[in-house]
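One structure below.
Please treat every number below as a calculation from the coordinates, not as lab data. Only a predicted model underlies this, so the values are computations on that prediction, with no experimental measurement involved. Don't worry about glycine lacking a Cβ; one is built from the backbone with ideal geometry, like all the others, and counts go over all protein chains shown.
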Amino acid sequence: MTTDAGQVTLRGNELPWQGVSGDLANARLIVLGLILAVPVLATAVLAILVSPWIAIATGVLALAGAWAAFVIVRQVSAISWIELPEELVIRKGRILRSLVSIPYGRLQYVDIASGPIARHFGLATCEIHTASPQSGGSLPGLPSAVAEELRSRLAARGEAQRAGL
Amino acid sequence: MIPVVATSGKPVLPLGEWQRLHPLSPLIRGGVFFLAFIGFVVAQWWERLLGALGVPGYRDRDLPGDAGGEVTDALELGWLVIVLGATAVLLVIVGAAWLSWRFTRFRVADGQIELRRGWVFRQHRQVPLARVQSVEITRPVLARLTGLSAVVVRSAGSGTSHLPLEFLGQSRALEVRDRLLELAGMSDEVARLPAVGAEPAGELAGGPVAAAPGGATRVPAYGGRVILQVPNGRLFLATILHPGSILLGAMAVAVLAFYAAGEVGAWALGIFPGMIPVVIGVGAGRVRELLRHGNFVLADLGTSVRATHGLTELTTTMVPLHRIQAVEVYQSLWWRWPKWWRIRINVAGAKLVDGGGITETVVLPVGTIEDAQRICAVLDPRLPGEALLAALHGMGGDPHWVGVPSRARQLDPWGYRRAGYAVTADSVIFRRGWFSRSAVVVPHARIQSMTLAQGPMQRFRDLATVQLVSTLGPVRPRLEHLGTAEAEFFLAEQAARSSVARTAAPITPLSPCMTRVLFSGLGL
């Protein structure tokens with residue numbers, strides 16, 4: 001899987017960056033839809049029953065939802081990662097770009113987490129922890145099998161390259 | 001119930017049964033609110049007080065002469081309401097405190113330390129004895145006034161995984177601490193503690209004691225070569241040179257001066273009660289700083305340094321040198337003129353506590369540039385002295401430094417000339433800040449991970465921020481607005497350097513007790 005990483009320039013594009021599953025966007029869109037459904041429906045019903053002016057609120061909510069959906073799709077396509085010989089590098093974000101580089105020797109443990117919706121799409125989040133609470137990287141939207149493989153690979157490499165604090 | 005402690009020092013009640021903390025605990029935990037409430041009450045009475053003292057402008061208002069009985073009655077009624085309200089609030093506070101005390105219990109059973117808290121929102125925290133990293137005794141200001149101590153059990157988990165037993169009577173706290181250390185298999189730590197009531201300060205004041213034998217980590221509790229002692233007078237001045245106290249002091253002087261000059265009326269004095277919470281806030285911070293860093297002595301034990309400090313309670317912190325993750329030499333704007341510096345460090349495995357934090361991370365509370373250099377030479381012997389000087393005073397254009405490009409000027413109008421990094425054989429040095437100056441030294445082998453970040457403003461100017469992630473601590477090694485290409489280059493190069501340094505560094509397991517906090521019986 002590759003992304004349109006052409007716009008995400010931190011740390012070059014000549015490396016074979018891997019993107020995350022496009023289903024992550026679907027999963028996040030569903031969550032967004034669930035959150036927005038109740039207020040949109042409520043304002044729509046009120047607009048019909050009470051005053052058509054309330055339809056403005058419905059419109060605003062719908063617009064905000066569309067914008068959020070746009071952002072979600074863009075964000076998910078901007079997540080990419082790569083396993084270099086000594087480190088795992090994760091890139092995220094379009095407007096606020098970030099890149100975190102975690103040496104295998106620094107890994108303390110790796111968590112795999114998935115919520116009900118992500119599980120429905122067969123996705124999992126890989127959370128990487130080091131000795132510093134702020135340095136961990138999280139890699140969402142990996143197919144469960146890939147996440148498991150990544151975890152065992154990371155564990156093996158972490159063990160092989162383990163370094164003291 | 002808190003068991004009565006026999007004079008022999010043996011616990012009357014074993015730790016295996018559920019037991020409560022000291023009844024005064026909730027009031028001390030909620031100490032700030034309690035003080036704020038008292039401040040409020042004082043504020044209510046302030047006008048009366050001024051009236052009684054005969055300050056013009058207040059006398060007339062509070063002592064209505066021939067205004068008639070109705071006004072007096074209304075006044076009396078108002079005061080009655082206030083007094084009743086205050087009493088009610090006080091009762092509620094005491095009631096809540098009592099409930100909190102009733103529902104807070106702890107015990108040690110089945111290899112676990114357990115603490116139950118809360119009535120509405122119940123919390124049950126367990127820490128396996130095998131995971132205990134250290135057991136410390138701490139005494140915040142209010143607890144010190146009432147002769148209580150907290151026993152804080154720190155475990156190997158993340159930052160919030162400690163278990164505080166707040167508060168116990170002093171001797172009970174000592175017993176619980178010793179017993180827990182014993183149960184956690186750290187009996188040797190118990191033996192190393194000096195007897196309670198011992199007076200180590202005199203020994204310290206006696207000057208350098210014999211050097212530690214063989215440079216071993218297991219050194220007598222008080223030995224080693226004294227690197228530096230911070231004079232309390234200098235610490236006092238440095239503590240006052242702080243934005244909060246400077247602002248408050250200037251305001252108070254201005255108000256008093258205008259009042260004395262007759263420029264403003266007595267109403268100006270009415271500002272003071274409103275300022276009480278602010279004064280308490282600022283003052284408490286300054287006083288805590290003073291109490292904490294008073295009598296500061298730093299000693300070199302060969303493989304570790306020991307900081308002994310505390311004005312009323314003596315605290316000892318041992319920092320093994322190989323656990324130091326990052327060092328920051330810092331100078332706030334207010335210390336520019338006296339040319340003072342402070343050194344903070346990140347230590348692996350240290351726990352920074354929310355409230356009453358006690359893991360000491362300051363190895364130089366205030367000192368001259370020579371003091372700072374001397375300490376840096378001990379903390380990191382391979383750090384070149386001129387590199388440190390360039391990091392502290394340099395303004396760009398130094399041959400070994402990579403600075404930020406001048407297009408960073410709009411984002412950091414003053415600091416951009418100073419911001420930059422240098423690489424030595426063993427560490428990276430970041431320098432930054434024009435008003436407040438800071439230099440951060442991170443050994444290559446100690447970098448946890450690295451991040452690169454770029455916001456929209458930075459992308460527009462082709463800049464990026466580099467952060468070397470260190471362990472938890474006050475030092476955040478960060479360099480903002482480096483050119484994107486330079487930042488990426490630095491990251492790649494640094495990854496290679498760190499990798500080499502990591503494989504060279506020996507693997508050290510997390511020792512069970514890396515920081516140690518003791519106290520003598522010197523407290524109030």
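List of remarks:
- Each part gets one Cα centre, and for segment B:395-460 versus segment B:365-390 those centres are 19 Å apart.
- Residues A:Lys92, B:Lys339 arranged by fewest to most Cβ contacts within 10 Å: B:Lys339, A:Lys92
- Neighbours of A:Phe70 by Cβ distance under 14 Å: Lys/Arg scored +1, Asp/Glu scored -1, total +3.
- Long-range HN-HN contacts of A:Leu139 with modeled amide H, under 5 Å: A:Cys126, A:Glu127, A:Ile128
- Structure-based [θ]222 nm, chain A - -39500 (n - 2.57) summed over DSSP H runs of at least 4, per residue, nearest 500: -15000 deg cm²/dmol
- Computed on chain A, with alpha-carbon pairs under 8 angstrom and 6+ residues apart, the relative contact order is 21 percent.
- Inter-part distance where segment B:109-149 and segment A:71-133 are each reduced to a Cα centre, Å: 35 Å
- Residue exposure sequence - B:Phe430, B:Phe489 - by fewest surrounding Cβ within 10 Å: B:Phe489, B:Phe430
- With a Förster radius of 41 Å applied to the beta-carbon distance between B:Val255 and B:Arg407, the computed FRET efficiency rounds to 0.35.
- Residues A:Phe70, B:Phe296, B:Phe34 arranged by fewest to most Cβ contacts within 10 Å: A:Phe70, B:Phe34, B:Phe296
- Summing +1 for each Lys or Arg and -1 for each Asp or Glu among the other residues whose beta-carbon sits under 12 angstrom from that of B:Pro26 gives +3.
- When the Gaussian network model of chain A links Cα atoms closer than 10 Å, the mean-square fluctuations of A:Leu99, A:Leu142, A:Leu61 top out at A:Leu61.
- Under the membrane-span-like helix rule (DSSP H runs whose alpha carbons stretch at least 30 Å along the helix axis, mean Kyte-Doolittle hydropathy 1.0 or higher), chain A yields A:23-49, A:55-78.
- Percent RCO, i.e. relative contact order, over segment B:297-504, from Cα pairs under 8 Å lying at least 6 residues apart: 19 percent
- Between amide H atoms placed 1.01 Å from N, distances below 5 Å from B:Gln112 occur with B:Leu129, all of them 5 or more places distant or on a separate chain.
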